[in-house]
Amino acid sequence: MRVILNSRHADHAAPGEFEAGAVIPCHEAPGRCGAIRGALEAAGGFTFEDAAQNEGCVAAVHHPAYVAYLRGASAEARHAKGGGLNSFWPTVFPFGPNPRARGAHALRGTYCFDVYTPILPGTFGAALGGASAAFRAAELVAAGAEKQVYVLTRPPGHHAEHDRCGGYCYFNNAAVAAQHLSRLGKVAVLDLDVHHGNGTQHIFYDRADVLTVSVHGDPAGLYPFFSGFADETGTGAGLGANVNVPLPPGTGPHEYRPALARALDAVARFRPEFLVLAFGADTHEADPIGGLKLPTGFFGEMGAAVRGLGLPTVIVQEGGYDLGALGASAVALLGGFEAR
Ligand SMILES: [Zn+2]
């Protein structure tokens, strides 16, 4: 299987994240990509290539002012001198009936919805590298050059909305791929990260030609908390083209299997030409933040089940934060996808 890499991913490495009033090591770290690549190389059967930076691909799904903000804030951080000024963390978010953003602090809260998603000197380049890799994979699948392509990247993308970063995500890589493929026919995005793919839902919520389906931990108790509920079904022309399948904490294979079948059935009934699989290994039982209980072997079954749709597919790496389980989970999923 061809693997498209984000050669710039390590340019973004948050020094920590906030949890319960403390700063802890950031779960979303550069070692994630190395862990997966090492496991793929050991398993064999994968070829690796870089993608050229392509700013045009993010303009198709993100607001130009948001793209300009990320670029500008990264550049500002790059030129800042010490004292903690080389990273930007939002601390106050829009509130009240008439919020106005008139300065740097307000913009940080305007273009971001949580405190997990700082802007560092290398953030723009790293995020653009991931979007560019997803776009390249979509090009290959759109051209019929490959039936499946895997995008090995971080930071992840599926929480990034049209004009806001959040949840470690800046540009929505899966949406970039789906947007490109949608020029040729209907597209389904299947999100199997443990967290709701709120950004992808947000970007395509009023679109009838892009189905978004997400299977995830119940947002009543799991990030992103404010969306991912079963009654969010789309709006306008997109009504009925969004499916959320929330699962209780502790869900294992026995309960996950019918949820996945329901999601796959929704995709099949939509009759898309292409599939984008947003894959998060944070459903693994060893994941430090996921809360589900899927063993490594189940990811092979998951890959085979998705492959059963028979669709040309771009597979985009999203979350997965246990470095010991991450590579093996990706190998199992992609192995299941390729099994004949
Ligand atoms: Zn996740």
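The numbers here are math on the coordinates, done by the rules we state, and not lab data. Quick caveat, the model's predicted, so the values are computed rather than measured. With ideal geometry, Cβ positions are generated from the backbone for all residues, glycine too; neighbour counts draw on all protein chains shown.
Residue 338 label point, 7 Å along Cα→Cβ, cut-off 12 Å on backbone N: hits in the stretch 41-73?
Inside the label zone: 41-48.
Between rounded, prolate and oblate, where does the stretch 89-137 land on the alpha carbon gyration tensor, with a ≥ b ≥ c its root eigenvalues, rounded for a/c under 1.5, else prolate if a/b exceeds b/c? Working shown, then result.
On the way: a/c = 3.03, a/b = 2.32, b/c = 1.31.
Prolate, since a/c reaches 1.5 and a/b exceeds b/c.
Quick check: from the Cα gyration tensor, does the stretch 222-315 come out rounded (a/c under 1.5), prolate or oblate?
Working: a/c = 2.01, a/b = 1.21, b/c = 1.66.
Taking the square roots of the gyration eigenvalues as a ≥ b ≥ c, the stretch 222-315 is oblate.
What shape does the stretch 105-236 take by its C-alpha gyration tensor, where a ≥ b ≥ c are the square roots of the eigenvalues and a/c under 1.5 counts as rounded, a/b above b/c as prolate, and the rest as oblate?
In terms of gyration-tensor shape, oblate.
How tilted is helix 323-338 with respect to the longest principal axis of the chain? Cα atoms for both, answer in degrees (0 to 90, nearest 10).
40 degrees
Lysines within cross-link reach of residue 186: Cα-Cα under 18 Å, excluding same-chain residues under 8 positions apart?
147
Tell me, how many Å apart are the Cα centres for the stretch 289-333 and for the stretch 200-258?
Centre-to-centre (Cα) distance: 18 Å.
Out of the stretch 35-94, which trypsin sites (Lys or Arg not before Pro) are coil in DSSP terms and have no more than 12 other C-beta atoms within 10 Å?
81
Which value in nm describes the separation of the simple spin-label points at residue 265 and residue 68, placed 7 Å from the Cα toward the beta carbon?
The modelled label-to-label distance comes out at 4.8 nm.
For the stretch 205-269, state which chymotrypsin sites (Phe, Trp or Tyr not before Pro) are in a DSSP loop and have at most 16 other beta carbons lying within 10 Å of their beta carbon.
Listed in order of number, the matching sites are 225, 226, 229.
Return an integer: the convex hull volume of the alpha-carbon atoms of the stretch 5-107, in Å³ per residue.
Normalising the Cα hull of the stretch 5-107 by residue number yields 180 Å³.
Could you order the peptides 286-292, 190-196, 271-277, 47-53 from most to least packed, using the average number of other C-beta atoms within 10 Å per residue?
Packing proxy ranking, top to bottom: 190-196, 271-277, 286-292, 47-53.
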